[in-house]
Structures are given as C-alpha cells and as structure tokens.
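Novice: Once you've had a glance at the structure underneath, I'll fire off some questions.
The values are calculated or read from the model by the stated rules, or taken from the named source; none is laboratory data. It should be emphasised that the depicted structure is a prediction, and the values quoted were computed from it without experimental measurement. Every residue, glycine among them, receives a Cβ derived from its backbone with ideal geometry; neighbour counts consider all protein chains shown.
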Amino acid sequence: MCLFPKELGISGPLRVSRAAISGAGRIADLPFLGRLPLELVDMVQSHCPDAYFWNMVHRLNHKKKGLSCTKSWKRGKAAPDSEERLKDPECLCITLDSDGICEIQRLQNHPHPPNHDPNVKFRRHVLTNEKDVKSADAYFQDGLCCLRAHAAHPGFPTWDLPSGSWLLSNTIN
C-alpha cells in the first residue's frame, strides 16, 4: 500500500504531518495519537515500522495535485506551484533523470532545440498538453513526485531532448 517504492528509503513518520497522524488515528479508532508528541509517535513507529497503520499515515500525508494545474516543481520542493489548467498552445515539460522525476515546468509553447549539457548522463523529457494530462495525477511527498495515470491512459512519449516533437518533425521534413 506504499505510495513510493521501498527502494527509495523514504523514512516513516519522522517527516509526516501531525494532521496525517491524527487522520490515520481517527480511521484506526486511535484518536489520541494525534495529540501525542511527535517524539513519542516516532518511538511507537520504531517498534512496528511495517504495520499497516504507518502505510496509512504515508497515504494521508502526500499532496495530490492535478497534473494539468501544475505550474512548476523541482525535486526537493514539498509541493508544486499551481495555476489554472493548461490552455493551448501551452504544454507541460516533465524532466526525468536516473532518480525519477526531477522537474516539471509549464511552457507557453513547444520549446526550441536545447543546449545539450554534457555533464548530464541520463535525462529524458515528456512534453504533453491538457488532453494528455487531464487523466493523470501527481503525488508530492518528501520532495519527490510520483505520477499516476488512470487505467485508460495511453502513456506518455519520452524524448531525449526537451524539444522532442521538434526533433521528430525536423527529421521527417
């Protein structure tokens, strides 16, 4: 039931909000947990870190945002800057590196060819518009982002360059 893969090593309630602990406590019929000092909650968690309750705390702690309303976000930021839904000709550029999603930015229109940074070994880009992101949600927790698309979502094409479709259209012409 964890939102992020266990390999990421996101620690337990040390970085969760008191509201998430209170909410999970009410669901589990333990309303007093939200009133305990966080140090005591951490001690309880250390004795049973894999318990279903702590997974529930993590689920309640993330920040779910519609991907279409995201203006910008960089890895390490707790939550994205939000704005109104994407409009034509705006697009969203989701940048991926070897650690996952590292940046999301809204662009006024599709970008021009980029300057290639030789220090970045692995970097891919997803360029998408409102139609493609309306059925996808972004979850933000502990400075990380996880995308979830609905079952019927066709997936996102991934490009080596942030100008993706520009590269394709210029090689065809």
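Novice: So, in region 76-120, exactly how many residues are modelled with pLDDT under 70, touching a helix residue (DSSP H, G or I) at 6+ places or on another chain (Cβ under 8 Å) and either part of a strand (DSSP E or B) or loosely packed, with under 10 Cβ neighbours inside 10 Å (or both)?
Specialist: 1
Novice: Of (1) assigned by TED's automatic domain parsing to the domain that holds Ile27; (2) without any contact (Cβ under 8 Å) to a residue 24 or more places away in the chain, Trp54 satisfies all except one. Which?
Specialist: Trp54 satisfies all of (1) assigned by TED's automatic domain parsing to the domain that holds Ile27; (2) without any contact (Cβ under 8 Å) to a residue 24 or more places away in the chain except (2).
Novice: Pairs only if they're at least six apart or on different chains, beta carbon under 7 angstrom, first in region 63-75 and in a strand (DSSP E or B), second surrounded by fewer than 16 Cβ atoms within 10 Å (Cβ to Cβ) and among the aliphatic types (A, V, I, L, M); list them, first residue then second.
Specialist: Within 7 Å, the pairs are Lys63/Ala79.
Novice: Return the residue satisfying two criteria in turn: it lies in region 139-153 and is assigned to a loop (DSSP other than H, G, I, E, B) and touching a residue at least 40 places away in the same chain (Cβ under 8 Å), and of such residues it is farthest from Asp97 (Cα to Cα).
Specialist: Restricting attention to region 139-153, the residues satisfying the condition of being assigned to a loop (DSSP other than H, G, I, E, B) are 142-143, 150-153.
Restricting the remaining residues to those that are touching a residue at least 40 places away in the same chain (Cβ under 8 Å) gives 142-143.
Numbers: Asp142: 18, Gly143: 15 Å.
Among those residues, the one meeting the criterion is Asp142.
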